[in-house]
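Notes follow the structure.
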Amino acid sequence: MDLKEYIRSIPDYPKKGILFRDITTLIKNEKAFAECINQIIEKSKNFKFDKIAAIESRGFVFASAVSYLLKKPFILLRKKNKLPAERYSVDFKLEYGTATIEMHKDSISENDKVLIIDDLIATGGTADAAAKIIEMSAGKVAGFIFVINLFDLGGSDNLIKKNYKLESLISFPGH
């Protein structure tokens, strides 16, 4: 199954010049979604990890299913002020603004190897922030799996330059 066929492209969203790759058309199709999860699980065999983390919110859709099927703990990387307990915070730049992600301080133990799953990598600011927050907790980033890699926006190249291992299911140009 070609998962690219299930991704809708929306020009000029959320602002002019952005070509938004919409995963809702993939997840609403039960066969495409199941295939996507199966492919993520297959790619996860390329990593040694103890826990799975995902970036709010679309990353949760994929990572929670993978976590359940692999019987691995699931760590939430949330937007600012969404977590009630003591937490780590990292500010970062997006392709079209700035944001903060947070994680509970008790989510990861020292030397836990964490696989980070997200729907998409563009410029890499969110993924880089996810790696930083894992490392702040004394955890180790096992690697990343993205459903979509917008290869020409440089995010995947930046992660590779920082010696992070990554996999993706689908590649698109970002514009």
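The values are calculated or read from the model by the stated rules, or taken from the named source; none is laboratory data. Note that the structure is a prediction, hence the values are computed from the model and not measured. Cβ coordinates were reconstructed from backbone atoms using ideal geometry, including for glycine residues, and neighbour counts include every protein chain displayed.
A compact table of results
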{"read-out": "Test result for Ala130, surrounded by 22 or more Cβ atoms within 10 Å (Cβ to Cβ) and assigned to a strand (DSSP E or B)", "value": "no"}
{"read-out": "Cross-chain or 6+ apart pairs with Cβ under 7 Å, the range 96-111 first and in a loop (DSSP other than H, G, I, E, B) and modelled with pLDDT under 95, then surrounded by 13 or more Cβ atoms within 10 Å (Cβ to Cβ) and of a type outside the set (Lys, Arg)", "value": "Tyr96/Ile18"}
{"read-out": "Filtered residue count, the range 155-175, keeping only those that are part of a strand (DSSP E or B) and either farther than 21 Å from Gln39 by Cα or in contact (Cβ under 8 Å) with a residue 60 or more places away in the chain (or both)", "value": "4"}
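Conditions tested, residue by residue: (1) touching a Lys or Arg at 6+ places or on another chain (Cβ under 6 Å); (2) at pLDDT 95 or above; (3) under 30 Å from Ala138 (Cα atoms); (4) of a type outside the set (Lys, Arg).
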residue	(1), (2), (3), (4)
Ile27	no, yes, no, yes
Lys31	no, yes, no, no
Gln39	no, yes, yes, yes
Glu42	no, yes, yes, yes
